[in-house]
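Scroll down for the structure; my scribbles are underneath it.
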Amino acid sequence: MSTQTMAGASPMISREERHRRRVLQRGAVYLALTLLGILFTIPFLWLLSTSLKPPAQLFKLPPEWIPNPFTWNNYPRALTAIPFFSYLRNTLYISLFNVVASVISCSLVAYGFARIQWPGRNLLFLVLVSTLMIPFPVTLIPTFLIFRDLGWINTPNPLTIPALTGNAFFIFLLRQFYMTIPEELSSAARIDGAGELQIYWQIILPLARPVLAVVALFAFMSNWNDFLGPLIYLSDRNQYTLAIGLYGFLSRSGSAWGPLMAAATMMVAPIIVLFFLTQRTFIQGITLTGIKG
Amino acid sequence: MAHMPDLAAGRRRGLSPMVQRNLISGLLFISPWLSGVVIFTIYPIVASFSYSLTSYDVISPPRFIGVENYVSAFTSDPLFYQAVGNTFFYALIFLPLSMLIAVSVALLLNLDVRGLTVYRTLFFLPSIVPEIASAMLWGWILNPQFGLVNALLKAIGVPTLGWLSDPDWSKPALILIGLWGFGSSMVIYLAALQDIPRQLYEAAEMDGAGAFTKTWHVTLPMLTPTIFFNLVLGLIGTFQYFTTAFVVTGGSGGPAGSTTFYAMLIYNNAFRYFKMGYASALAWMLFAFVFILTWIIFKTSGRWVYYEGERA
Amino acid sequence: MHRHRITRRTFLRWSALAGGTSLLAACGGAPATPDAHAPTAAPSPAEPTAVPVSRGAPVTLNILWENWGDIYNGLMTVVGENFTKENADITLEWNFDPDWVTKLTTLIAAQTQPDFTIMRPAPLANFAARNALVALDEQVQIAGVRREDFVTPLWDAGFFNGKQYALPGGADFWCLYYSKDVYREVGLDPEKPPTTFDELIGHSKEILQKDAAGDIQRIGYNPSAGWFVNWAYIFGGEFYDAGAGKITANHPANVEALARLQAYVKELDVNKLAAFNQRPGTFEAGNPFATRQAAFIIDGFWTYEALDQHAPDIDYAVTFWPTLKGTEAERANYMVGGWQVALPAGAKYPEQAWKFLRYGFIDKSAEMGYSTLNGTCVKSQFQAWEDGLKAKMGADNRMANYLSKFTQTGGFATKYFPLMPVQQFYLDELNRIYDLVMREEMTPQAGLDEVTKNVQAELDKALKG
């Protein structure tokens, strides 16, 4: 672990010595991060490079990095395999619904678990975590029966409405964050006569922005990539999502690496855009917490 | 809990008005989740548990057979022990490694690094690739003949490996693939790091603390709630590990059974062999095991997880 | 669609993920247009269907189908549109699902079953044993269709517990493709492909080429787990004694077949073979058959399309699957696989569903077959099917003259993997043991003994329950 290099900045040593060490330490940090960054980016570049290569070049030894010639053919092939834009609309509806619903419901529920003391709280919280421990194959059919009885089969409802009731993963995550916020902030507000809802809205929520951004991002990602849910609950092709389409495409294309990598790239690209957009929220989060400190 | 010194006293006389008020507002806050549990969660959980005591093929009605499913896992499933072994192997190596990497990188990025957004994106990018797509990508990168990794090994004169087609290397290969996606937990750590009040660092600096001391005495304690979260969910997740191995090895669990994981057994029994009863029994044994581990972690968490909001 | 078994790892992988379904190859270049077929009179085994009718309230049939990719899904829906043209009161709503077994199971459990479904022999017994499918015997009798009219193994593979629960849909006839180019290169006579197993292995040994590191550079026959059952039948093996309810995986002929394959794989080196098999599959550019690094592939007729696209300059030919002695009588040991059609019990419109079954998969079997690249199952339509395909591919296509090899294979074949509720487990166990035996971690005898023991235990449980 490179943090080791940060050890022991003794106040006894001279200014220049300290400066020298600082530079060295910085250098070590950047070196470590950059090496690791390259290591983690290589597969991704390989994904891109493969998606742009002509088939014959894929099997050259040793492997070549630069597509020669650049070929876009894999993208239309992946694109035309599915009605991209109508699936995109369906996917966006489901994903955005989940983002909004999850952020609202989970942040409320987590407040109840983190910021108010009440008997039975820890027990119910353990129940909440336990619901994550049952593997999906054995609850899939009874869950399907519930949605059938609600008349939701062949509608996007099974993929959206449950988000209104929160999601154990996000609730747990938010609870952990809420619990790091000093209690004085709440008790001071209570003394001023603020109700719990007011404290939630005016104090906790603004402070939790970084993690709410994480929740939003994860909610979007998991719905964007989910294929099992849509596969089971949707039968009407007009309601299909991108993940079903791309899953179907991936599953039929075996090791047609070029088109596969193109399809994967297209699936990932919108999330990258989203990530860059939410980066701003992350940064806002920093400034806010800065004020708070 | 400083504001509730009367909790114990309140218990004795029934609930005090304050506890009552807290109970009501607490329940109100969690009511969305409670209603979700009632509508969507209770029935499937109860149903799957009752399936585990039956012979049930999903199509015809279940028939009660007591604990037979639980017994036959140990006595007559040719894959059970291998699957348990493989799952432990994966979990015991993957979970500590991925937590270590995620915390370390997050801490490094927290050192006021210039170009933070670039690094953050670099490390996070892999975790947004859909699991199926990343499994395909790695199958290609680890291809023994045309893959990038073996080409590198060849270039530096090291013997190449069979990776996913070699029983000795298939699990390490899967661990490698899993580690590539550490970015999602790193993002959680980063968010947590941003929530640490500056004043704590300032106070430490005034005491003459260096970067390492600050990290060890301020940052890490403040991160423990998040580490706790990632530990519990990592545990739950790795013991249900499934998709990548399934895609990469064709659901065969091969080569030579080396990638037959416990969750794959559950899936195959439920949907390929029409043995929902047996699959449910497997699932509930997994539940019991993970629950006990989680419960131990919860019980011991008071000793190492530090909640600023719960300071007395 | 056809891929009952593909030598490619990836297909096994995906078919497994899709819950035992089989999958379609990479879609070929330009989508074949449905109107490209020569209009052929498809003689039906019984009297032709009635004139268009349009009485009764309009009905929409829900159809569950395997996802074959947009091109072939589209071609399949055309079959349905043609049906609707003749039956204006019945429209079809298709649901193409890559994991249709799970979906069908779920739908049946929720009593929201589709009116019509694709079926495969592996899961069939599970559905049939629980009366989840309509027994079709009565309708079959009324319609006057007979077993003899069909490719019999696929007909038999729909017969369970004395009733007919599924009818043949698309047949997989398998033949041996061989590369005349490789034969010439090695100095073998390109007009004398192997007719026996020994010849196949003998030729393969001459063709095999390894580099200094032992990596395979050119291969003859490329063995894989998926074809073991076919070989076992050719060796005279059996897998199930239905009368006694006994699993016979360790039948001496099965053991013999596995031992012979093991001996061959030993020469290839199992790890080198695994590495070689990570090359692109037959349906992709740069596959070893296209690059003249593989002399044989065992596959159905549909592979011509991929070879046209990715190996346009290969001189290939197709011959019958080699047997033990090379006699015609032994060809009765050929297997036929494929998919079937069935009607879930308790669905809303069984009559209309039968009507579509009759239309699309009996009366118009040839047309359905050549337009969607499936093998027809109706013997009397073999010629119409070949003609339709020839028109589609062009008479000068390399494959054109070999189509009859496939239909003849369908005529000879009598074998199919026996139906039983634990068939998927049986097949998975065979695959698992095959791998261990090829890695010499078990002897063929010990391996197949273990399969017999494990599957028998499961079968006994299933029959008891």
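Nothing in this text is a laboratory measurement; each read-out follows from the coordinates by a stated rule. Keep in mind that this is a model prediction, so the values were computed, not measured. Glycine also receives a Cβ, built like all others from the backbone with ideal geometry; neighbour counts cover every protein chain displayed.
A compact table of results
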{"item": "Cα centroid separation - region C:225-258 against region B:41-76, whole Å", "result": "33 Å"}
{"item": "Long pairs among C:Lys180/C:Lys210; C:Lys379/C:Lys461; C:Lys246/C:Lys272, criterion Cα-Cα beyond 28 Å", "result": "C:Lys379/C:Lys461; C:Lys246/C:Lys272"}
{"item": "Among A:114-125, B:276-287, the order from most to least packed when residues are scored by Cβ within 10 Å on average", "result": "B:276-287, A:114-125"}
{"item": "For region B:190-232 versus region B:239-312, the gap between their alpha-carbon centres in whole angstrom", "result": "31 Å"}
{"item": "Using θ = phi - 60° and Karplus 6.51 cos²θ - 1.76 cosθ + 1.60, couplings along region B:231-241 (whole Hz; Gly, Pro as x)", "result": "5, 5, 6, x, 4, 4, x, 5, 6, 9, 4"}
{"item": "Helix-derived mean residue ellipticity, 222 nm - over chain A, DSSP H n ≥ 4, -39500 (n - 2.57), to 500", "result": "-22000 deg cm²/dmol"}
{"item": "Environment charge at A:Ala28 (Cβ cut-off 15 Å; Lys +1, Arg +1, Asp -1, Glu -1)", "result": "+4"}
{"item": "Over 24 Å between alpha carbons, listed pairs C:Lys266/C:Lys405; B:Lys275/C:Lys464; C:Lys348/C:Lys415", "result": "C:Lys266/C:Lys405; C:Lys348/C:Lys415"}
{"item": "Percentage relative contact order, region C:175-333, counting C-alpha pairs under 8 Å, at least six apart", "result": "39 percent"}
{"item": "Rounded to 5, percent antiparallel among DSSP beta bridges of chain C", "result": "65 percent"}
{"item": "Charge context of A:Pro63, other residues only, Cβ under 11 angstrom, K/R +1, D/E -1", "result": "+2"}
{"item": "Helical contribution to [θ] at 222 nm, DSSP H n ≥ 4, -39,500 (n - 2.57), averaged over chain C, rounded to 500", "result": "-12000 deg cm²/dmol"}
{"item": "Positive-end residue of B:Ala106, B:Thr87, B:Val118, charge dipole of region B:30-169 with Cβ unit charges", "result": "B:Val118"}
{"item": "Residue mean of other protein chain beta carbons inside 10 Å, C:94-100", "result": "5"}
{"item": "Cβ crowding within 10 Å averaged over residues, with C:192-200, B:181-189, A:105-113 ranked highest first", "result": "A:105-113, B:181-189, C:192-200"}
{"item": "Taking chain A and dividing mean pair separation by its residue count, relative contact order in percent (alpha carbons under 8 Å, at least six apart)", "result": "29 percent"}
{"item": "Formal net charge of residues neighbouring A:Met261 (Cβ-Cβ distance under 14 Å; K, R +1; D, E -1)", "result": "+1"}
{"item": "Residue-averaged beta-carbon neighbours from other chains (10 angstrom radius) around B:224-232", "result": "4"}
{"item": "Cα centroid of region C:276-326 to Cα centroid of region C:338-413, whole Å", "result": "23 Å"}
{"item": "Rounded if a/c under 1.5, otherwise prolate or oblate - region C:175-333, Cα gyration tensor axes", "result": "prolate"}
{"item": "Three-way shape label, region C:328-399, alpha-carbon gyration tensor, a/c 1.5", "result": "oblate"}
{"item": "Chain A: C-alpha gyration tensor shape, a/c 1.5 cut-off, then a/b vs b/c", "result": "oblate"}
{"item": "Relative packing of peptides C:133-143, C:162-172 - highest average C-beta neighbours within 10 Å first", "result": "C:162-172, C:133-143"}
{"item": "MRE, 222 nm, helices only [DSSP H, n ≥ 4, -39500 (n - 2.57), over chain B, to nearest 500]", "result": "-20500 deg cm²/dmol"}
{"item": "Using θ = phi - 60° and Karplus 6.51 cos²θ - 1.76 cosθ + 1.60, couplings along region B:84-99 (whole Hz; Gly, Pro as x)", "result": "4, x, 4, 5, 4, 3, 5, 5, 5, 8, 5, 4, x, 4, 5, 5"}
{"item": "Average partner coverage of B:116-126, which counts Cβ from other chains inside 10 Å", "result": "6"}
{"item": "Built amide H within the under 5 Å cut-off of C:Gly169, gap 5+", "result": "C:Trp339, C:Gln340, C:Val341"}
